[in-house]
Structures are given as structure tokens and as C-alpha cells.
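The values are calculated or read from the model by the stated rules, or taken from the named source; none is laboratory data. Just so we're clear, the structure is a prediction, and the values are computed from it rather than from any experiment. Neighbour counts are summed over all protein chains in view; Cβ atoms, including those assigned to glycine, are modelled from backbone coordinates with ideal geometry. Ligands, DNA and RNA are excluded from the accessible area calculation, which covers all protein heavy atoms including side chains. Shrake-Rupley method; radii C 1.70, N 1.55, O 1.52, S 1.80 Å.
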Amino acid sequence: MSLTALPAHPPVAFLDLPPVARAGGRIVLPGSKSISNRALLLAAFCAGDTVLTNVLDSDDTQVMLSALRALGCTIKQEETRCIVHGMGNAPVQRKADLYLGNAGTALRPLTAVLALTGGEYTLRGVPRMHERPIADLVDALRGLGCVIKHLGTPGYPPLRIQSPTLRLDAPVRVRGDVSSQFLTALLLALPLVATQDVTIDVEGELISRPYVALTLHLLARFGVVVRQAGWQRFTIPAGSVLRSPGAYAIEPDASSASYFIALGAIAADANDPIRIEHLGTDSIQGDLRFVDAVRAMGAHVSASQDALAIHRGLLHGIDIDANDFPDAAMTLAALALYAQGPTTLRNIASWRVKETDRITAMACELRKLGATVEEGPDFLRIAPPTCWKTASIHTYDDHRMAMCCALAACNPAALPVRIEQPGCVAKTFPTFFDTWFAVAHSASKHIPVLCIDGPTASGKGTLAAALARRLGYHVLDSGALYRIAALAAERQGLRIGPEGETAIATLLPQCKIVFDQDKVWLDGADVTEAIRSERCAMLASQVSALPAVRRALLDVQRAFRTSPGLVADGRDMGTVLFPDAPLKIFLNASAEERARRRHAQLVARGVSTTLDDLCADLMERDRRDRSRSVAPLVPAQDAVLLDNSALSVEESVELVWDWWQQRRPFGLTG
Ligand SMILES: Nc1ncnc2c1ncn2[C@@H]1O[C@H](COP(=O)(O)OP(=O)(O)O)[C@@H](O)[C@H]1O
Ligand SMILES: Nc1ccn([C@@H]2O[C@H](COP(=O)(O)OP(=O)(O)O)[C@@H](O)[C@H]2O)c(=O)n1
């Protein structure tokens, strides 16, 4: 039997990562955020249409796309492909109120573009964005004749922009030692108004230079070649015009790759490395310097032009200036947990003005895991834990904190790790945890299962779905499998009883079953409705009494136990399938109450039936389920009995939620 179960992805308050035993496998990562937002901006303000492929679909790129659309740019988006109709060198809409979330890669260049091209604009973001300094960029733009007002705290967004009286003759000065994004913003915007040579002088030591190199590379692809005197002076030649390159393919994100490079460095074997496709020595992203640092720590990384393969080595601490790759350097802090000796990351003051104060945040969370961390104004020194601790990681609404700290799940003590507000990864890598679970393998015994067994219409499915949604876990509706088995047998004309036992058990491995959110498919046919009939339920009850059928479904059901965890609903989840589950609920309600619930359910679906008939069927099914020779419906010895006759769905969910939390090592949260 081939079986596919596609999990849903609602926002969860926390995600518990099972301890990782081994990592390995092939990964294709989403497009680079830095390149996506630069390319979208350039494509919007150039002449001609541009087809961008592998554009990152994330909060930060959505913010850029919405802003460009609000400025009058037409962008057609088909999954990760965007066709951008360039507006030429100024926005179509000369008035707009733009909300830019927490996307520095959108707010800063758009500030420069709009201030230089002119109009009436406000630019705002989330509260944290209003704490991220922008005075250096605003000062530089004012020096060019731009009119920009701070609407809140001086030196910070939100901003009000009006039309400038441009003065381009004197060199514009911009500080380069707080964020390279100010320089990038000017470089991206000035070609729109370069009627004469415009020179930018960088004050202070320019940080994050590879990001500036990335900007220059993209400008060149859009037809503007900036003259460069070291990292101190940049000149946009008179008459520069942005021209579409036609098509541009965006590389996978090197910062996103860093988590999986580190995962391979900690937990992959040479014979099954982590292999990252379409990202290699040809990359234009500075964050790939991370690879050198990981090699220096002792990991094995082989790189071809367009792929990386990583496996573990004996890791040792390093002392490194991480100024050039501040984002990926955060991953080194997590990797340091697995090295012998301390690791020192220097020259990382820019971490303090990112999504959160990343130096303090990282120090605090790594200490929770047992590491000894020394924090300075612009450095971090991390000594690995001698004794790992179970931790609930606070993520500060910072995607990189969540992704870095996921690496703590590789700990040798095999402790699970709780990541709070894991949805924050959507800023740059919405599918991070799916990718993680695809290549970070855990021992089955470490993948938690919450079992909910009980008789018909006791509310198992309802409870299981609600808890799984809240935990971000998979669901096993084992009853659906027996219903499908009954339907498949009936459709093949097999006898539903001991005479047909062998034939049904032989048929099942050939069936192709897909659980796709609310739909169930059998051999390509939608059987969602068909398996829910009371007739099918009765046939399922008969089929499920056949030992060979139950045996045929054992492995299929156990295959649902995948990371991060499972809520399993049925009759024998706690007794037969998952005897080691940390929590087993035996759910019950009076027969009358259950018949009433099922009746209401059927009436809502437009099925006509009487309460008396239903009650009789239900009791007949219960009797058969309780008295069969294999896996009868009985509570496991260690099950918690819950009669929910007088409870609402919400009350049942809260009760079981608390029991579950008490059995997890993290304490009560969420
Ligand atoms: N605690 C409860 N209180 C009231 N109604 C409930 C409760 N639990 C479930 N129900 C309702 O009873 C019906 C049957 O529940 P379901 O989850 O399908 O049961 P099972 O999976 O045990 O057969 C559903 O319509 C559901 O909304
Ligand atoms: N783990 C399980 C799940 C269901 N079953 C059988 O499959 C039938 C249908 O299960 P179900 O959970 O879909 O039924 P309802 O509780 O929804 O009525 C039950 O009556 C059981 O006989 C089982 O034997 N073992």
C-alpha cells in the first residue's frame, strides 16, 4: 500500500522538535531574500519587462511586491515566477502609504527611490521596524536635496517623503559602519536620477561588504556599471539607465542554506551527506563565506559550481571576524554548541539593530541550553554545554533565532527542543520546518505520539484534529484506513468476512491512499464522502475484526509516526500501535450522547436516519469492536479515561492539552 499524508500548516504557539539522530538527504532551497528584493525593485524601475524565476515567497518579499504594486507596477506572479512590467525610472503612483512590515530590504531602498524620484509617500512598518535606525540614510538623502520627515522618533521610521530639489554635484556621504543597506539603498536608487555623475563617499569602515558586492552585481545585470574606488567611493556614471536583462534566475538563499550546512556538519554521515542543490562556487552571495568558517571548524564540505555536500567532522571552536556575513554567522553561534572549545564571533555589532538585538537574544537562548556565553558590545564567545538542558527557545519574532536554535535538536543528550512562535520563519523561509523534517531524522521512539482511543462518535476525530493543529503534528485517522479497506474490498467484490480475509489482506498493499488535508483518495478516486457512510462504518467494523487485515495495516499506521509528532485516533492506538506513547486517552461518552452526536453530524450532511437506528448500529459496532479476538476496544493499562458526555469540544481539548503539557519536559506554555 502506498500512502501519502500531507500535513496542514496552521500557525502554532510552539513547535517541539524531536532530537535528531542523523541528518542526510537532498535539499532545494527557496530563492535568496536579498537577491529577490533587489531584483524586484530593479525590475520595477527599469525599462522593459523582466521574468524573475525562483523568487522567494516570504513575508519580506510579499511586502516588497505589495509596495511595488501600490506604486503602480504591474507584476504577475505564478508561484515563484514573477513577470514584472518595468515602470521606467519613476513610480506611476506619486502618492502612497506603504506598509513595509519588518523588511529592511524593502524599506531602505524604497525610501531612497521615492525620496529621489519625488511624490507624497509615507513608509511605515511593524513596531520593531520603528526601532531600527535609518537616520544615516535620511541624512545622506537630505544632502542630495530630498525632503524626508520622521513621523515618530527622530532617526527612525515611519517616514514622510515629499518631492526633492535635487543637488547631485557634490559627493553624497553615507555611513557604512552601521548597516550596508544604506549604501545599497543609494546605489539602487541613484541610477534613476543620474543626469550627471553621482559620487557616494562611505564614511567609516564599510561592513557587510559582500551585500554591497551583490548590489553591484545586480545593477550590472540591469545595465548600470558603478565605478568603484575600493570600498570607500562609488560613482554612478551620468546617463545611467536601468534596463531589463529579460530574464533573471534567483539563486537559492545562502543564509537559509547555512542551517542545513550546519546540520550536515553536526549530524550527516559521509555516505549520506546533506546535499544542497543549485548553490555552489558560482554563487554571488557573500553568506557562502559561512562554508569556509564551517570548514575551519572541522566539517567536510565539498563544493561544485552549483551544489554543496556536507558531512560531519570533529568540530572545534574558532575565533572569527564575522563582519562580512552577519546573518549566516548567527548559525555559527549554534554550531559552536557542538565544537570542542569555545568559539568567538567578532565584529558583529550590526546584530544589535536587526530584527531583535541578536547578540543578547542569542546569548540568552544558548545559555538556556547549557552553553556558557560571554557577550560584548560587538562579540559573542560561546563555550559548548557540558550538560545539555531542555529548553523552550524564545524567538523574539526573529526568523533567524528560530532557525539557528533548531540546531539544538542535534544535542547528544537526545533532548527535544521547543521553538516558540515558529511561524516567524515565514519572514524569509516559510517552508523551513518542512525542509528540516525531511532531512533531520529522529529515532521513532523519540517522536511523540498522543493516542486517542474510544468507541464510535465519542469525539476522537474532533479532539485529534484540534490537538494536532495546535501542536503542528500529523494525524492518523486509523478508522479511515479500515473504512477504506472495507470500501476497496467491496469495490473488488470480495467477501467481507473470514472467507474474504486473505484476499482483502492481499489487496491492501496494492491500494494507493492519499490523505490530502480534508480529502481522502483511493486509487485516484475521491472517497471522502463514500467512506463516511454508516454502511461503510459497519463494513469497516467487520473488516477490522479480521486478524490478517489488521496485520496488513500495522506498518501503514506506524509509518505515520514522523516528526514532529503524531496524534493517533482509533481503537488500538495505545494498546497495539504505539504502546510507548507518552499520553493515551480513552475517550467515552454515553451511548445516547454518542448517537445524538452522530445523528446531528449525519443530518448536517443531509443524510436521513433515525436516532433509534443509529443507536442500535452504534451499539452493535461497539459490541463487535469490544469483543473481537485481536486488538479489541479496551483502554490501555496506562490510559487516562475521559468521559466527555457533559463537556464541550473546547473543554475536552483544553483538558487533554494540559495533560499533554504536563507530560512534556518544557512545563506549561502556549
Ligand atoms: N466533547 C464533545 N461535546 C460535544 N460534541 C462533540 C464532542 N466531541 C465531539 N463532538 C461532536 O460529535 C460528533 C462526532 O465526533 P467525532 O470526532 O466524529 O467522533 P469519533 O471520531 O469518535 O467517531 C462531531 O460532530 C463532533 O463535533
Ligand atoms: N484503530 C482502529 C480504528 C477503527 N477500527 C474499526 O473501524 C471502524 C470505523 O472506525 P471510525 O473510527 O472511523 O469510526 P467512528 O468512530 O468514526 O464511527 C470502527 O468501528 C472499528 O471497528 C478499528 O478496528 N481499529
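Condition check ((1) among the charged types (D, E, K, R); (2) more than 29 Å from LYS445 (Cβ to Cβ); (3) touching an Asp or Glu at 6+ places or on another chain (Cβ under 6 Å); (4) in a loop (DSSP other than H, G, I, E, B)) across all residues:
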| site | (1), (2), (3), (4) |
| --- | --- |
| MET538 | no, yes, no, no |
| GLN542 | no, yes, no, no |
| ALA552 | no, no, no, no |
| SER563 | no, no, no, yes |
| GLY574 | no, no, yes, no |
| ARG596 | yes, yes, no, no |
| SER608 | no, yes, no, yes |
task: For THR575, indicate whether it is more than 18 Å from THR462 (Cβ to Cβ), open to solvent by 40 Å² or more (accessible area, probe 1.4 Å) and within 12 Å of ligand 2 (Cβ to nearest atom).
output: yes
message: Condition (residue is over 25 Å from TYR156 (Cβ atoms) and surrounded by fewer than 22 Cβ atoms within 10 Å (Cβ to Cβ)) applied to region 349-360: is it met by at least one residue?
response: no
query: Is there any pair linking a residue in region 520-542 that is within 19 Å of ARG624 (Cα to Cα) to one that is of a type in the set (Ser, Thr, Tyr), with Cβ under 8 Å and at least six apart or on different chains, and which?
result: GLU534/THR609; ALA537/THR456; ALA540/TYR482; SER541/TYR482
- prompt: What about ASP612, is it away from ligand 2 (no atom under 15 Å from the Cβ), part of a helix (DSSP H, G or I) and open to solvent by 40 Å² or more (accessible area, probe 1.4 Å)?
  reply: yes
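Taking LEU641, is it in contact with a strand residue (DSSP E or B) (Cβ under 8 Å, 6 or more places away or on another chain), open to solvent by 60 Å² or more (accessible area, probe 1.4 Å), assigned to a helix (DSSP H, G or I) and more than 14 Å from ligand 2 (Cβ to nearest atom)? Before you say what the answer is, go through the steps one by one.
Working: in contact with a strand residue (DSSP E or B) (Cβ under 8 Å, 6 or more places away or on another chain): yes; open to solvent by 60 Å² or more (accessible area, probe 1.4 Å): yes; assigned to a helix (DSSP H, G or I): no; more than 14 Å from ligand 2 (Cβ to nearest atom): yes.
Here the answer is no, as LEU641 does not meet what is asked.
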Condition met for ASP434 (open to solvent by 30 Å² or more (accessible area, probe 1.4 Å) and within 16 Å of ligand 1 (Cβ to nearest atom)): no
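Checking the condition assigned by TED's automatic domain parsing to the domain that holds LEU618, within 16 Å of ligand 2 (Cβ to nearest atom) and at positive phi, which residue from ALA468, ALA457 passes?
That would be ALA457, the only listed residue that is assigned by TED's automatic domain parsing to the domain that holds LEU618, within 16 Å of ligand 2 (Cβ to nearest atom) and at positive phi.
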message: Here is a list: VAL630, VAL634. Which entry is free of Cβ contacts under 8 Å to residues at least 60 places away in the same chain and among the β-branched types (Val, Ile, Thr)?
response: VAL634
- request: Inspect region 634-643 for any residue being within 25 Å of ILE531 (Cα to Cα), more than 10 Å from ligand 1 (Cβ to nearest atom), hydrophobic (A, V, I, L, M, F, W, C) and assigned by TED's automatic domain parsing to the domain that holds LYS460 and give the result as yes or no.
  value: yes
message: Tell me the residue from THR395, THR390, THR428 that is hydroxyl-bearing (Ser, Thr, Tyr), surrounded by fewer than 19 Cβ atoms within 10 Å (Cβ to Cβ) and under 25 Å from ARG469 (Cα atoms), please.
response: THR390
Test for ALA646: is it open to solvent by 20 Å² or more (accessible area, probe 1.4 Å) and within 15 Å of ligand 1 (Cβ to nearest atom): yes
message: Can you tell me which of (1) modelled with pLDDT of 95 or more; (2) surrounded by fewer than 17 Cβ atoms within 10 Å (Cβ to Cβ) is the one LYS512 doesn't meet?
response: (1)
query: Taking ALA443, is it of a type outside the set (Lys, Arg), within 13 Å of ligand 1 (Cβ to nearest atom) and surrounded by fewer than 19 Cβ atoms within 10 Å (Cβ to Cβ)?
result: no
field: Scan of region 615-625 for residues that are surrounded by fewer than 17 Cβ atoms within 10 Å (Cβ to Cβ) and either free of Cβ contacts under 8 Å to residues at least 40 places away in the same chain or assigned to a loop (DSSP other than H, G, I, E, B) (or both), ordered by number
entry: ALA616, MET619, ARG623
message: Taking the condition of being touching a strand residue (DSSP E or B) at 6+ places or on another chain (Cβ under 9 Å) and within 16 Å of ligand 2 (Cβ to nearest atom), how many residues in region 475-499 meet it?
response: 12
field: Any hit, region 594-604, residues being free of Cβ contacts under 8 Å to residues at least 40 places away in the same chain, more than 9 Å from ligand 1 (Cβ to nearest atom) and surrounded by 18 or more Cβ atoms within 10 Å (Cβ to Cβ)
entry: yes
field: The lone exception for ALA270 - which of (1) under 28 Å from ALA194 (Cβ atoms); (2) open to solvent by 50 Å² or more (accessible area, probe 1.4 Å); (3) small (Gly, Ala, Ser) it fails
entry: (1)
message: So ALA480 ticks every box in (1) closer than 28 Å to SER629 by Cα; (2) open to solvent by 20 Å² or more (accessible area, probe 1.4 Å) but one. Which box is left unticked?
response: (2)
- request: Tell me which residues, restricted to region 259-303, are in contact (Cβ under 8 Å) with a residue 40 or more places away in the chain and of a type in the set (D, E, K, R).
  value: ASP269, ASP272, ARG275, GLU277, ASP287, ARG289
message: Is it the case, given these coordinates, that MET297 is under 26 Å from ARG418 (Cα atoms), open to solvent by less than 10 Å² (accessible area, probe 1.4 Å) and of a type outside the set (Gly, Ala, Ser)?
response: no
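Can you pull out the residues in region 649-664 that are polar (S, T, N, Q) and either more than 15 Å from ligand 1 (Cβ to nearest atom) or outside the structural domain of ALA581 (by TED's automatic domain parsing) (or both)? Please lay out each step first, then the result.
So in region 649-664, the residues polar (S, T, N, Q) come out as 652, 661-662.
Matches in region 649-664: GLN661, GLN662.
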message: Would you confirm, using the coordinates I've provided, whether ILE585 is within 14 Å of ligand 1 (Cβ to nearest atom), surrounded by 19 or more Cβ atoms within 10 Å (Cβ to Cβ), in a helix (DSSP H, G or I) and β-branched (Val, Ile, Thr)?
response: no
- request: Working only within region 64-116, note down all residues that are over 18 Å from CYS146 (Cβ atoms), among the β-branched types (Val, Ile, Thr) and buried (at least 24 other Cβ atoms within 10 Å of the Cβ).
  value: VAL84, THR105
message: Just to check your reading of the model, which residue among LEU308, LEU288, LEU315, LEU279 is more than 24 Å from ILE35 (Cβ to Cβ) and surrounded by 17 or more Cβ atoms within 10 Å (Cβ to Cβ)?
response: LEU315
- request: Tell me which of these ASP612 doesn't satisfy, since it passes every other one: (1) away from ligand 1 (no atom under 16 Å from the Cβ); (2) in contact with a strand residue (DSSP E or B) (Cβ under 9 Å, 6 or more places away or on another chain).
  value: (2)
- prompt: So, of the residues in region 561-572 that are more than 12 Å from ligand 2 (Cβ to nearest atom) and of a type outside the set (Lys, Arg), which turns out to be farthest from THR435 (Cα to Cα)?
  reply: VAL567
message: Within region 65-75, does at least one residue satisfy the condition of being in contact (Cβ under 8 Å) with a residue 60 or more places away in the chain, assigned by TED's automatic domain parsing to the domain that holds GLN162 and not polar (S, T, N, Q)?
response: no
